[in-house]
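A quick write-up on the structure given underneath.
The values are calculated or read from the model by the stated rules, or taken from the named source; none is laboratory data. Given the structure is predicted, the values throughout are model-derived calculations rather than measurements. Neighbour counts are summed over all protein chains in view; Cβ atoms, including those assigned to glycine, are modelled from backbone coordinates with ideal geometry.
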Amino acid sequence: MKKKPFISLILPAYNEESIIIKSVGVIVDYMKSKEDKFSWEILIINDGSKDNTGELAESLAVENKNLRVIHHPVNLNLGRALQTGFKNAHGDIIVVLDMDLSYSVDHIERLVDKQIETDAEIVIASPYMKKGKVTKVPFIRALLSRTVNRFMRFAAQEKYYTFTGMARAYKADFIKNLNLKTKDYEINPEILYKAMILRARIIEIPGPG
């Protein structure tokens, strides 16, 4: 029997007490529905939250053996949270999502399927490529994101559409060995630029929110 891919889902969390129970519940239910296809784990990286995010995450871990929580004692920002997740993930493929599920959970399977199909080091859910779209995002935030990504696309000689997006699948051995430095949201374009320098295979799929 062919071994099922082992998926590590990384969820950075900072002051997410209002949504963490619902969001993680949606992800857990989805992954349970895919257990014929994937083995899986969820890593919640509690990045020094000042509310009850950490306590709620621990209560979820008690209820589900596939879930682990790692706590930063203080807020170290997104870049450090992702690096902690990459370092501690046990999976063959690492998928990153936002806790607010601005990208729906069905992206998990789409990202992983494309990674397996293409053997890509990185697969990105892109709202800016053909058939992609932006939903559930405030107008000003969406406008800023589109502007930044157009600039980065131009700087990268129009090779890719989305540099800042969170919804991605990574080949675990690749991302674990990438020398990452940035501490905050800049980590996502940093990953892409360094992958390009290394001539890694990078694939985009349309990413409706």
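Would a scan of region 123-134 turn up a residue that is modelled with pLDDT of 90 or more and in a loop (DSSP other than H, G, I, E, B)?
No: zero hits.
Between residues in region 66-84 that are charged (D, E, K, R) and residues that are modelled with pLDDT under 95, which pairs lie under 7 Å by C-beta distance while being six or more apart or on different chains?
Final answer for the pair search is R80/K183.
Considering only residues that are surrounded by fewer than 17 Cβ atoms within 10 Å (Cβ to Cβ) and farther than 19 Å from V95 by Cβ, which ones fall in region 168-185?
Matches in region 168-185: N179, K181, K183, D184.
This table checks each residue for (1) within 17 Å of L97 (Cβ to Cβ); (2) in contact (Cβ under 8 Å) with a residue 40 or more places away in the chain; (3) small (G, A, S).
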{"position": "S23", "(1), (2), (3)": "yes, yes, yes"}
{"position": "V26", "(1), (2), (3)": "yes, yes, no"}
{"position": "K37", "(1), (2), (3)": "no, yes, no"}
{"position": "E41", "(1), (2), (3)": "yes, yes, no"}
{"position": "G48", "(1), (2), (3)": "no, no, yes"}
{"position": "T53", "(1), (2), (3)": "yes, yes, no"}
{"position": "S59", "(1), (2), (3)": "no, no, yes"}
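Taking region 172-201 on its own, how many of its residues are small (G, A, S) and part of a loop (DSSP other than H, G, I, E, B)?
The qualifying residues number 1.
Do you know which residues across region 40-56 are more than 17 Å from the chain's Cα centre (by Cα) and either of a type outside the set (G, A, S) or at negative phi (or both)?
Within region 40-56, S49, K50, D51, N52, T53, G54, E55, L56 qualify.
Please find, within region 46-67, the residue that is farthest from E190 (Cα to Cα) out of those that are among the charged types (D, E, K, R) and surrounded by fewer than 19 Cβ atoms within 10 Å (Cβ to Cβ).
Applying the filter and picking the extreme gives E63.
Does at least one position in region 34-50 carry a residue that is among the aromatic types (F, W, Y), in contact with an Asp or Glu (Cβ under 9 Å, 6 or more places away or on another chain) and at pLDDT 95 or above?
Yes, that holds for at least one residue.
Let me confirm something: among S8, S59, which residue is closer than 24 Å to N179 by Cβ and hydroxyl-bearing (S, T, Y)?
Testing whether each residue is closer than 24 Å to N179 by Cβ and hydroxyl-bearing (S, T, Y) leaves just S8.
K114 - would you say it is surrounded by fewer than 17 Cβ atoms within 10 Å (Cβ to Cβ), within 18 Å of the chain's Cα centre (by Cα) and within 25 Å of I202 (Cβ to Cβ)?
The answer is no for K114.
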